[in-house]
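Just so it is clear, none of the values below were taken in a lab; they were calculated from the coordinates. Predicted model only: the values in this text are computed from it and were never measured. Positions of Cβ are generated from backbone atoms using ideal geometry, with glycine treated the same way; all protein chains shown enter the neighbour counts.
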Amino acid sequence: MEDIPEKQRSNFEWALFFGVWGYVLIALPALFMSIKKSRDKKEIIHNQVIEVATVDGVEEKYHAKTGTVYLRFHYHYQCKNTLFRDKIDYNYKRYFVGFTGDKRERIKQKRFPVILSSKDPSKHRILIFWSDFSKYHLPFPDSLKWSEKLFYNR
């Protein structure tokens, strides 16, 4: 860097400074969210209770930033006389083959297990697919075999 003129060196140092801090400011929230998800999952596993969630509807969502189509499942469940409503997004290309509008209507009012923390029922995860069950080391129940035909055309 000795051969670089002072003004260019100063500009380079400032660009490097802002580049590093910009990366840190982007990485920190992602790291925080990852740690939070991991803590929530551990709490759910250690204090697990299984309830039943009912799907209220499914809508297609387009995330402009990633250019990806998702299906958003709206659902509700009840625990300790409190009604909880939530939604979860699944990557369309990854999970669904030919999941058309009529199939979306057929999934309404279907019931799926939801695993939650007995200490904090708002920390939960609805279990719809094989991958959801495997994340919590639970076997996929025979009672949900019908969903393979609906989701995967099997």
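Some points to look at:
- Sorted by Cβ neighbour density within 10 Å, fewest at the top, the residues His76, His46: His46, His76
- Cα-based Rg and Dmax for the stretch 47-152, where Dmax is the largest Cα-Cα distance (Å): 14.0, 40
- Sorted by Cβ density within 10 Å, fewest first, the residues Ile26, Ile126, Ile107: Ile26, Ile107, Ile126
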